[in-house]
Amino acid sequence: MDEFGIYYQPELAGEQVRRVRRLALIRLGWAVLTIAAVLIAWRIWPAATDGWVWWYVGLTGGWALVLLVIDVFRWRFALADARAAAQGLAIGLNRDGVMINREWLPWAEVGSVRMLPGRLRTSARLVATARDQRSFRVPLDFTDAMPASVDSAMRILSAGRVWVDLSRLD
């Protein structure tokens with residue numbers, strides 16, 4: 001094995017964007033529906049619901065707003081991953097070095113390679129840092145490779161000089 005290519009699968013990233021958007025709409029819809037049901041109950045039975053209805057509306061609306069803000073961040077992260085996944089080749093490895101997101105690094109210039117867990121349930125990231133502190137990231141969940149196979153390929157093709165730190169995934 002003298003070369004190893006890891007390619008993006010844009011359909012996986014697109015599905016993640018749709019899933020995050022769908023979850024945000026479902027959460028927002030349920031909040032609006034439950035608040036509407038409580039307000040209808042308040043209009044029909046004002047004496048029975050007068051003591052708690054506004055607390056319920058306020059707490060439910062506040063919680064829905066917090067979840068909506070979190071979902072907006074998740075959606076933005078998913079969109080960024082989807083944009084990255086449209087590039088084709090994610091990681092290219094050979095005996096001379098590694099290409100990550102179209103940036104070439106000879107093995108001697110690679111400072112570290114590590115896996116980071118996803119933020120807010122997004123893709124885990126492979127982060128390569130060059131010796132001059134430049135950093136390159138790949139959302140690995142949207143590729144055709146697993147973290148351990150990337151580690152194995154890097155160890156073999158770099159002759160043991162570079163490996164992937166997988167400790168953050170535990």
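The values are calculated or read from the model by the stated rules, or taken from the named source; none is laboratory data. The structure presented is a predicted model; accordingly, all values stated were derived computationally and were not measured. In this analysis, Cβ positions are derived from the backbone assuming ideal geometry, glycine residues included, and neighbour counts consider all displayed protein chains. All accessible areas refer to the heavy atoms of the entire protein, side chains included, with ligands and DNA or RNA removed. Shrake-Rupley method; radii C 1.70, N 1.55, O 1.52, S 1.80 Å.
This table checks each residue for (1) modelled with pLDDT under 95; (2) surrounded by 13 or more Cβ atoms within 10 Å (Cβ to Cβ); (3) assigned by the TED database to the domain that holds Leu120.
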residue	(1), (2), (3)
Leu33	no, no, no
Ala36	no, no, no
Asp50	yes, no, no
Trp54	yes, yes, no
Trp75	yes, yes, no
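Can you confirm whether Asp151 is surrounded by 15 or more Cβ atoms within 10 Å (Cβ to Cβ) and modelled with pLDDT under 90?
Taking the combined requirement at face value, the residue does not satisfy it.
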- [ ] Name the one entry in Leu105, Leu116, Leu65 that is at pLDDT 90 or above and in contact with a helix residue (DSSP H, G or I) (Cβ under 6 Å, 6 or more places away or on another chain).
- [x] Leu116
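Considering only the range 144-160, how many residues are in a loop (DSSP other than H, G, I, E, B), touching a strand residue (DSSP E or B) at 6+ places or on another chain (Cβ under 8 Å) and more than 22 Å from Pro10 (Cα to Cα)?
Residues of the range 144-160 in a loop (DSSP other than H, G, I, E, B): 144-146, 158-160.
Remaining after also requiring touching a strand residue (DSSP E or B) at 6+ places or on another chain (Cβ under 8 Å): 144-145, 158.
Narrowing the set further to residues that are more than 22 Å from Pro10 (Cα to Cα) leaves 158.
Residues flagged as in a loop (DSSP other than H, G, I, E, B), touching a strand residue (DSSP E or B) at 6+ places or on another chain (Cβ under 8 Å) and more than 22 Å from Pro10 (Cα to Cα) within the range 144-160 amount to 1.
Every residue, every condition in (1) within 13 Å of the chain's Cα centre (by Cα); (2) buried (at least 19 other Cβ atoms within 10 Å of the Cβ); (3) at negative phi, yes or no:
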position: Ala90; (1), (2), (3): no, yes, yes
position: Arg95; (1), (2), (3): no, no, yes
position: Arg114; (1), (2), (3): no, no, yes
position: Gly118; (1), (2), (3): yes, no, yes
position: Arg131; (1), (2), (3): no, no, yes
position: Arg137; (1), (2), (3): yes, no, yes
Open item on the list: For the structure I just gave you, tell me whether Arg21 is touching a residue at least 24 places away in the same chain (Cβ under 8 Å), farther than 27 Å from Val162 by Cβ and open to solvent by 70 Å² or more (accessible area, probe 1.4 Å).
Closed with: yes
